[in-house]
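Asker: The structure's right below; bear with me while I get my questions together.
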Amino acid sequence: MRLMADHGIELVSAVPDSLLTPLCRCLSDSTAIRYVQACDEATAVGLAAGATLAGARAMVVMENSGLRRACETLSRFTLSHRLHCVMLLSHRGAFGEGNWWGLPHSPTMRTHLNMLRMAACEVNTVDEFSDRLNDAYAMLATGQQSVALVVSPSFCEEMAHS
């Protein structure tokens, strides 16, 4: 995605889900951003942390349910070592969710974001995405907090058609 490259993102580590398939497909075809598909969410966080330590601007992409899987890694890196990250999370369990298994993901996401002391912002349209990326990396640059951009199903749908 050109917009992410324009914001200086050099590496995206991801555990794709069906909502994020269009974004992940676009990233995997990109020559401007290195895309690394991880086998699980904790590994995706570790890859982004390593890239950050090497001086690259990185982002982690996953479904919001992945926060539970990545909790130990995130808490170790962010709370213990102050190695913060920017995450893009699809919002399973958002209002209107049509899958019974997706409903618990929204309330547990909010609880985990608070527990991990991560700032979070909802992104509903591709047009909003640029400003939110600026805000996320500005906040990350303070060295004080990780950031989650929670993309709505409408954002994912818009991505699929753009």
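Asker: Taking amide H atoms as placed 1.01 Å from N in the peptide plane, list the residues 5 or more away in sequence, or in a different chain, whose amide H sits under 5 Å from that of ARG34.
Answerer: LEU11, VAL12
Asker: Here's something else I'd like to know. Using 0.36 nm per residue, how much length does the chain from THR125 to LEU103 gain when fully extended, once their Cα-Cα distance is taken away?
Answerer: Working: separation 22, 0.36 × 22 = 7.92 nm, distance 2.17 nm.
Here the segment from THR125 to LEU103 would lengthen by 5.8 nm.
Asker: Once you sort the root eigenvalues of the Cα gyration tensor of segment 7-48 as a ≥ b ≥ c, which label holds: rounded (a/c under 1.5), prolate (a/b larger than b/c) or oblate (the other case)? Working shown, then result.
Answerer: Numbers: a/c = 2.13, a/b = 1.13, b/c = 1.89.
Oblate.
Asker: Here is a follow-up. Carbon and sulfur together cover what percent of the accessible area of the chain at a 1.4 Å probe radius?
Answerer: Numbers: 4060 of 7710 Å².
C and S fraction of accessible area: 53 percent.
Asker: Something else: Kindly provide the helix-only [θ] at 222 nm of the chain, computed as the sum of -39,500 (n - 2.57) over DSSP H runs of four or more divided by all residues, to the nearest 500 deg cm²/dmol? Mind showing how you got there, number by number?
Answerer: Working: 7 runs with 71 residues, N = 162.
Value at 222 nm, helices only: -13000 deg cm²/dmol.
Asker: Taking segment 62-162, which trypsin sites (Lys or Arg not before Pro) meet the DSSP loop condition and have no more than 12 other C-beta atoms within 10 Å? Please report the intermediate quantities before stating the final value.
Answerer: Details: sites: ARG68, ARG69, ARG76, ARG82, ARG92, ARG110, ARG117, ARG132; in loops: ARG82, ARG92, ARG117.
Here the sparse-neighbourhood loop sites are ARG82.
Asker: Counting other Cβ atoms within 10 Å, which chymotrypsin sites (Phe, Trp or Tyr not before Pro) in segment 1-96 have at most 15 and lie in a DSSP loop?
Answerer: Details: sites: TYR35, PHE77, PHE95; in loops: PHE95.
Here the chymotrypsin sites (Phe, Trp or Tyr not before Pro) that fit, given the DSSP loop and packing criteria, are PHE95.
Asker: In the set (1) 107; (2) 118; (3) 98, which value of volume of the Cα convex hull per residue in Å³ was calculated from the structure you see?
Answerer: Only one option fits the structure, namely (3).
Asker: For every other residue with a beta carbon closer than 10 angstrom to the beta carbon of PRO22, add +1 if it is Lys or Arg and -1 if Asp or Glu, then tell me the sum. Walk me through the numbers on the way to the answer.
Answerer: On the way: positive: ARG25; negative: GLU157, GLU158.
Value of the local net charge: -1.
Asker: Please list, in chain and number order, the residues 5+ apart from VAL123 or on another chain whose amide H is under 5 Å from its amide H, with Hs placed from the backbone.
Answerer: So VAL123 has HN proximity to VAL150, VAL151, SER152.
Asker: List the residues, sorted by chain then number, that are 5 or more residues from CYS85 or on another chain and whose placed amide H is less than 5 Å from its amide H.
Answerer: Amide H to amide H, under 5 Å and 5 or more residues apart or across chains, CYS85 pairs with SER146, VAL147.
The values are calculated or read from the model by the stated rules, or taken from the named source; none is laboratory data. None of the values given here were measured: they were computed from a predicted structure. Positions of Cβ are generated from backbone atoms using ideal geometry, with glycine treated the same way; all protein chains shown enter the neighbour counts. Surface accessibility is based on the protein's heavy atoms, side chains included, excluding ligands, DNA and RNA. Shrake-Rupley method; radii C 1.70, N 1.55, O 1.52, S 1.80 Å.
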